[in-house]
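S.K.: Structure provided below as structure tokens; questions to follow.
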Amino acid sequence: MSAPTSQGLLIGLVGVPRFAERALEIEERTVSHRRRLTAARRELETAYGEGELLAAALRRLARSWCFDDVNALIDEHNRWFPIERNLPLDPATGEYLPVLGRTHRLERLGPDWAAAAITAS
């Protein structure tokens with residue numbers, strides 16, 4: 001058995017890091033939005049059947065859906081995650097370097113995401 005690390009001791013004292021809590025909140029809220037969009041699609045299918053009326057109603061639904069709750073968390077993530085995780089900076093640009101080939105930034109949810117979620121259900 002190895003000796004505890006200082007990072008492990010801090011996590012034990014402080015609890016789950018904020019970036020981890022926030023990631024779970026983002027995932028939970030995203031799943032909730034997807035579930036509610038699916039339910040709204042079913043209601044619209046019942047009301048409009050198939051065809052252009054349904055397609056127009058689904059487009060309106062996607063454009064009007066409010067993602068303020070999850071987007072606030074995504075904005076918080078994009079601002080604080082690099083600092084919380086001490087991500088490396090490119091000295092030439094001052095930008096955070098990709099980790100494992102990916103940017104740390106999450107995309108905000110909006111009409112395009114809603115339309116994709118609606119059609120995937």
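The values are calculated or read from the model by the stated rules, or taken from the named source; none is laboratory data. Owing to the predicted nature of the structure, the values given are computational and were not obtained by experimental measurement. All Cβ positions, glycine included, derive from the backbone under ideal geometry; neighbour counts span all protein chains shown.
Yes/no per residue for (1) closer than 28 Å to LEU97 by Cα; (2) of a type in the set (Asp, Glu):
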{"site": "GLY49", "(1), (2)": "no, no"}
{"site": "GLU52", "(1), (2)": "no, yes"}
{"site": "ALA62", "(1), (2)": "no, no"}
{"site": "ALA72", "(1), (2)": "yes, no"}
{"site": "GLU76", "(1), (2)": "yes, yes"}
{"site": "TRP80", "(1), (2)": "yes, no"}
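S.K.: Across the stretch 56-90, which residue is farthest from THR38 (Cα to Cα) among those that are acidic (Asp, Glu) and exposed (fewer than 11 other Cβ atoms within 10 Å of the Cβ)?
M.R.: Filtering first and then ranking leaves ASP90.
S.K.: Any residue at all in the stretch 28-41 that's more than 14 Å from ALA117 (Cα to Cα) and either assigned to a helix (DSSP H, G or I) or in contact (Cβ under 8 Å) with a residue 12 or more places away in the chain (or both)?
M.R.: The answer is yes; a qualifying residue exists.
S.K.: Is the stretch 52-62 home to any residue that is among the basic types (Lys, Arg) and farther than 23 Å from HIS104 by Cα?
M.R.: yes
S.K.: Do we find that SER32 is surrounded by fewer than 12 Cβ atoms within 10 Å (Cβ to Cβ), within 23 Å of LEU109 (Cα to Cα), among the polar types (S, T, N, Q) and at pLDDT 95 or above in this structure?
M.R.: Criteria not met by SER32.
S.K.: While we're on this one: Condition first: among the acidic types (Asp, Glu) and touching an Asp or Glu at 6+ places or on another chain (Cβ under 9 Å). Now tell me which residues in the stretch 70-104 satisfy that.
M.R.: none
S.K.: Shifting gears a bit: Can you tell me which residue in the stretch 16-27 is nearest to GLY110 (Cα to Cα), limited to those that are of a type in the set (A, V, I, L, M) and in a helix (DSSP H, G or I)?
M.R.: Only one residue fits best here, namely ILE26.
S.K.: Does the stretch 98-107 include one or more residues that are in a helix (DSSP H, G or I), exposed (fewer than 12 other Cβ atoms within 10 Å of the Cβ) and within 21 Å of the chain's Cα centre (by Cα)?
M.R.: no
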